[in-house]
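Below is one structure, written out as structure tokens; comments come after it.
The values are calculated or read from the model by the stated rules, or taken from the named source; none is laboratory data. Note that the structure is predicted; figures quoted are calculated from it, not measured. Here the Cβ positions follow ideal geometry from the backbone for every residue, glycine too, while neighbour counts run over all protein chains shown. The accessibility values were calculated without ligands, DNA or RNA, using every heavy atom of the protein model including side chains. Shrake-Rupley method; radii C 1.70, N 1.55, O 1.52, S 1.80 Å.
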Amino acid sequence: MSAQIIDGKEFAAKVRAQVATHVARLKEENGITPGLAVVLVGEDPASQVYVRSKGKMTVEVGMKSVEHRLEADTSEEDLLNLINKLNEDATIHGILVQLPLPGHMNEDLVINAIDPAKDVDGFHILNVGLLGTGQKSMVPCTPLGCLMMLREHLGPLAGKDAVIIGRSNIVGKPMAQLLLGDSCTVTICHSKTNDLKSVLQGADIVVAAVGRPEMVPGDWIKPGATVIDVGINRIERGGKNRLVGDVDFASASQVAGAITPVPGGVGPMTIACLLANTLTACCRANDIQEPAGLTP
Ligand code: GUN
């Protein structure tokens, strides 16, 4: 059997088009332009690429994009002052501080300084608590994108056995909350899990988010399972640099019912969901009904 490929690029383009339609309507009917501020501290090359791409797509959907690039040796106090200014700026509805931050900064302190209503990453402790208790919150972009793709491909998820590999605050834990919210039976595995292969034998849904290149071979996957590969790992093969996921695509795509490729799977959905979250935050800030389908 050969798996259906879940095309994240195409799906993300649809989500962005939906966001753009709502942004145009907000401008026309309410005179409001959603604004997203992205803060980058230092010169991490991967972060620079992400930030540039976020800025470009923000403008493409008709939103205001503001970028703040700070030197790597910026003090934590200066960063917190900038966040306070953005919290008070009524033209900014979403704030994203690109991670990782330089070592001299306390990431938790910085993230929790963002107004939770503008926390389009969904990393603020208040949003984490709201999501964990099933209340309306801002939801982390990558797991939100994974949930959208799973619903689109499988329909209702109730009763499915879902196995998440990885327990990060950014993906693994919020993914578990979202799948629980859709009434899946959820198992979270990680680097200390004893027998991952046997846990995976029961998984209708696999979400791999460990950051280890091709660590899940096809013969660990239950035939017909839906596999969402969050990993983006840079490796060298045959003298060439390549991007691969946490799942061995060549073997897994012979066993799975459906699978996301790397690149072109989860990656494009993350930015699409960031734009969706900015629109949601803007609607909530202005007491305007938020569009359906862009939140859990
Ligand atoms: N660095 C890598 N992924 C992310 C993300 O989703 N949000 C932020 N703020 N930083 C990141």
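Please give the calculated 222 nm ellipticity per residue for the chain, where each DSSP H segment of at least 4 residues contributes -39500 (n - 2.57) and the sum is spread over every residue; nearest 500 deg cm²/dmol?
Numbers: 10 runs with 113 residues, N = 296.
The helix-only estimate for the chain comes to -11500 deg cm²/dmol at 222 nm.
Under a plain spin-label model, where a point goes 7 Å from the Cα along Cα-to-Cβ, how far apart in nm are ALA24 and HIS190?
About 4.6 nm separates the two model spin labels.
Would you kindly derive the ³J(HN,Hα) couplings of region 71-79 from the backbone phi angles with the Karplus curve 6.51 cos²θ - 1.76 cosθ + 1.60 (θ = phi - 60°), listing them in order in whole Hz, with x for Gly and Pro?
3J(HN,Hα) across region 71-79, in whole Hz: 4, 4, 9, 4, 6, 4, 4, 5, 5.
Charges at C-beta only: +1 for Lys and Arg, -1 for Asp and Glu. How large is the resulting dipole of the chain about its Cα centre, in Debye rounded to 20? Numbers along the way, then the final one.
Details: 26 positive and 33 negative charges, 153 e Å.
That gives the chain a dipole magnitude of about 740 debye.
Report, in cubic angstrom per residue, the convex hull volume of the C-alpha atoms of region 92-225.
Numbers: hull volume 17.1 nm³, N = 134.
In region 92-225, the Cα convex hull volume per residue is 128 Å³.
Ignoring ligands and nucleic acids, what accessible area does MET57 show with a 1.4 Å probe (Å², nearest 10)?
Surface accessible to solvent at MET57 totals approximately 40 Å².
How high is the FRET efficiency between GLU236 and ARG151 when r is their beta carbon distance and R₀ equals 45 Å, given to the nearest 0.05?
Working: r = 36 Å, r/R0 = 0.80.
Approximately 0.80, to the nearest 0.05.
Over 30 Å between Cα atoms: which of LYS64/LYS136; LYS54/LYS192; LYS54/LYS173 fall into that group? Kindly include the intermediate steps, with their values, before the conclusion.
Values: LYS64/LYS136 25 Å; LYS54/LYS192 34 Å; LYS54/LYS173 24 Å.
Among LYS64/LYS136; LYS54/LYS192; LYS54/LYS173, the Cα-Cα distance tops 30 Å for LYS54/LYS192.
Based on the Kirkwood radius over alpha-carbon pairs, what value in µm²/s does the Stokes-Einstein equation return for the translational diffusion coefficient of region 204-296 at 10 °C and 1.306 mPa s? Walk me through the numbers on the way to the answer.
Numbers: Rh = 14.9 Å.
D = 107 µm²/s.
Give a residue-ordered list of calculated ³J(HN,Hα) values for region 252-258 (Karplus: 6.51 cos²θ - 1.76 cosθ + 1.60, θ = phi - 60°; whole Hz; x for Gly, Pro).
5, 6, 8, 10, 5, x, 8
From the alpha carbon gyration tensor of region 55-148, can you work out the equivalent ellipsoid semi-axes (sqrt of 5 times each eigenvalue) and give them in Å, largest to smallest? Write out the running numbers ahead of the final one.
Working: eigenvalues 95, 64, 35 Å².
Those come to 22, 18, 13 Å.
Charges on Cβ only, +1 for Lys and Arg, -1 for Asp and Glu, centred on the Cα centroid of region 126-256; of GLN135, LEU196, ALA250, which one is farthest towards the dipole's positive end?
GLN135
What does the chain give for Rg and for Dmax, in Å, if only its C-alpha atoms count?
Reported Rg and Dmax, both Å: 19.1, 56.
In region 1-108, if every C-alpha pair distance is counted and binned at 5 Å from zero, what percent goes to each bin?
Spelled out bin by bin, region 1-108 gives 2, 10, 18, 18, 17, 13, 10, 7, 3, 1, 1, 0 percent.
Once label points are set 7 Å from the Cα along Cα→Cβ at both ILE125 and SER53, what is their separation, rounded to one decimal in nm?
3.2
For region 196-255, just run the numbers: alpha carbon Rg, then divide by 2.2 N^0.38 Å, N being how many residues it has.
Numbers: Rg = 11.6 Å, N = 60, 2.2 N^0.38 = 10.4 Å.
The reported ratio for this selection is 1.11.
Using the 4.7 Å Cβ rule, please list in number order the cysteines from the chain without any candidate partner.
CYS146, CYS184, CYS189, CYS282, CYS283
For region 26-130, run through the GluC sites (Glu not before Pro) and keep only the ones in DSSP coil with at most 13 other Cβ atoms within 10 Å of their Cβ.
Values: sites: GLU28, GLU29, GLU43, GLU60, GLU67, GLU71, GLU76, GLU77, GLU88, GLU107; in loops: GLU43, GLU71.
Qualifying residues, ordered by number: GLU43, GLU71.
If you stretched the chain out fully between ALA72 and GLU60, how much longer would it get, using 0.36 nm times the residue separation minus the C-alpha to C-alpha distance?
Working: separation 12, 0.36 × 12 = 4.32 nm, distance 2.89 nm.
So the extension gain works out to 1.4 nm.
Please give the helix 172-181 orientation as an angle from the longest Cα principal axis of the chain, in degrees from 0 to 90, rounded to the nearest 10.
80
Taking the Cα centre of region 140-296 as origin and charging only Cβ (+1 Lys, Arg; -1 Asp, Glu), how large is the dipole, in debye to the nearest 20? Walk me through the numbers on the way to the answer.
Working: 13 positive and 13 negative charges, 74 e Å.
So the dipole magnitude of region 140-296 works out to roughly 360 debye.
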